[in-house]
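Presented below is the structure to which this report refers.
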Amino acid sequence: MSSTSNRAGKYIIWLQTIDSYVEEGSGKPSLFDTERAAKRCAKELWPKAAWDIKKFTYIKVAERRQEKEERAYQLDITSKVTAGGFQYKFKPPTASKPFCIFLFQNSRESKAPDHSSRTLAAAQKWARTAAKKFISKEYPDREVRILDCSDPNMPSWSDTIGLPQDLICKAKGKARPIIVKDIEGLQQPSPILNDNKLWVCPVTGKTYKTLSKYMFTNIIKAATDNPELYPPIEDWKAFTFGKGWICPYTGKVFKRIGKHLDNHLVKQRKLLKGKLTL
């Protein structure tokens with residue numbers, strides 16, 4: 001690898017897997033005088049990895065693209081939820097209407113609110129009316145849910161309208177199934193930071209000074225043993241209390257939402273799935 005003070009015509013190796021340039025440890029990109037030299041180095045060091053040879057100026061182009069992608073990602077995660085969970089920084093479309101109503105086709109559908117109301121009573125009225133048309137003979141497993149965002153730091157599901165499992169099978173024999181109120185939505189078992197700055201385990205109620213791996217092991221075991229009390233483990237989301245985002249499986253803290261956190265969550269879900277199937 002070679003570099004000079006004049007970077008105008010230099011080349012870099014861009015690794016696609018990490019969407020970044022190759023560096024030697026100084027935090028600066030490794031520069032090559034010619035495109036040929038860069039290719040030769042890339043073939044020697046990363047013969048099976050996906051890489052491109054770019055000019056040095058591509059770094060700024062990539063940074064602008066990555067910033068744009070990050071803004072789009074942040075907008076997406078703060079404006080959409082699924083029936084199985086929600087982002088802890090979810091923002092209602094309008095601050096004055098904190099009660100958001102969602103018409104879910106299925107539990108994994110990610111979507112923005114269909115309607116927002118100023119009060120819970122108004123939201124419940126709108127949801128009941130919508131449910132009569134939305135949950136029909138053809139779609140008995142749909143749900144109408146209300147997300148209470150009156151506390152912007154901790155939104156919570158307040159109402160779920162749908163058919164209990166024992167009526168879903170019977171619904172197909174009716175012109176329009178009777179809409180009944182289902183049990184309250186299942187909550188992800190996440191530790192809570194109390195007034196004394198101690199972490200409270202949602203399963204045992206014990207407090208910890210730090211995010212103990214032991215605590216998360218107990219939480220996962222409780223969710224595995226009692227699937228009727230908690231949402232599916234593979235659907236759990238990272239949560240936050242103002243200082244970084246916390247992995248719900250290990251307690252590891254990340255400075256921000258992004259690819260590193262997403263990759264970590266995917267890896268942990270695969271590891272858990274392997275343990276649960278043994």
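List the GluC sites (Glu not before Pro) within the stretch 183-244 that fall in a DSSP loop (any state other than H, G, I, E or B) and whose Cβ has at most 12 other Cβ atoms within 10 Å. Show your work: numbers first, answer last.
Values: sites: E184, E228, E234; in loops: E184, E228.
Filter output for the stretch 183-244: E184, E228.
Taking amide H atoms as placed 1.01 Å from N in the peptide plane, the amide H of Y249 has no partner under 5 Å among residues 5 or more positions away or on other chains.
For the pair E234 and T207 in one chain, pulling the backbone fully straight at 0.36 nm per residue adds 7.2 nm over the alpha carbon distance. Computed from backbone phi, the HN-Hα couplings of the stretch 144-159 come to 10, 10, 10, 9, 8, 10, 5, 9, x, 8, 8, x, 8, 6, 9, 9 Hz, rounded to whole numbers (Karplus: 6.51 cos²θ - 1.76 cosθ + 1.60, θ = phi - 60°; Gly and Pro given as x). Based on Cα atoms of the stretch 186-278, Rg over Rh with Rh as the Kirkwood radius reads 0.95.
The trypsin sites (Lys or Arg not before Pro) of the stretch 205-278 that DSSP puts in a loop, and whose beta carbon has at most 15 other beta carbons within 10 Å, are K206, K209, K243, K255, R256. Scanning residues 5 or more positions from W51 or on other chains, those with amide H under 5 Å from its amide H are Q16, with H placed 1.01 Å from N in the peptide plane.
Would you work out the charge dipole size for the stretch 35-153 about its Cα centre, treating the Cβ of every Lys and Arg as +1 and the Cβ of every Asp and Glu as -1, and quote it to the nearest 20 debye?
Values: 26 positive and 15 negative charges, 75 e Å.
The calculation lands at about 360 debye.
Using only the Cα atoms of the stretch 91-143, build the gyration tensor, take square roots of its eigenvalues as a ≥ b ≥ c, and label the shape rounded, prolate or oblate: rounded if a/c is under 1.5, else prolate if a/b is larger than b/c, else oblate. Oblate is the answer for the stretch 91-143, as a/c is 1.5 or above yet b/c matches or exceeds a/b. Between amide H atoms placed 1.01 Å from N, distances below 5 Å from S116 occur with I101, all of them 5 or more places distant or on a separate chain.
Reducing the stretch 226-271 and the stretch 93-135 to their Cα centroids gives an inter-centroid distance of 26 Å. The I192 and R65 beta-carbon pair, evaluated with R₀ = 41 Å, returns a calculated FRET efficiency of approximately 0.60.
What order do you get for K197, K48, K125 when you list them from fewest to most C-beta neighbours inside 10 Å? All intermediate terms of the calculation are to be shown ahead of the outcome.
Details: K197 8, K48 4, K125 12.
Fewest-to-most ranking of K197, K48, K125: K48, K197, K125.
Ordered by the count of other Cβ atoms within 10 Å of each Cβ, fewest first, L198, L163 give L198, L163.
Order by neighbour count: V81, V203, fewest other Cβ atoms within 10 Å first, most last. Walk me through the numbers before you get to the answer.
Values: V81 24, V203 18.
Sorted ascending by nearby Cβ count, the order is V203, V81.
Here the 3J(HN,Hα) profile of the stretch 246-262, calculated from phi with Karplus coefficients 6.51, -1.76 and 1.60 at θ = phi - 60°, is 10, 5, x, 9, 10, x, 5, 9, 10, 5, 8, 6, x, 5, 4, 5, 4 Hz, Gly and Pro shown as x.
Bear in mind these aren't lab numbers, they're just calculated from the coordinates by the rules spelled out. Model, not experiment: these values are computed from the prediction. With ideal geometry, Cβ positions are generated from the backbone for all residues, glycine too; neighbour counts draw on all protein chains shown.
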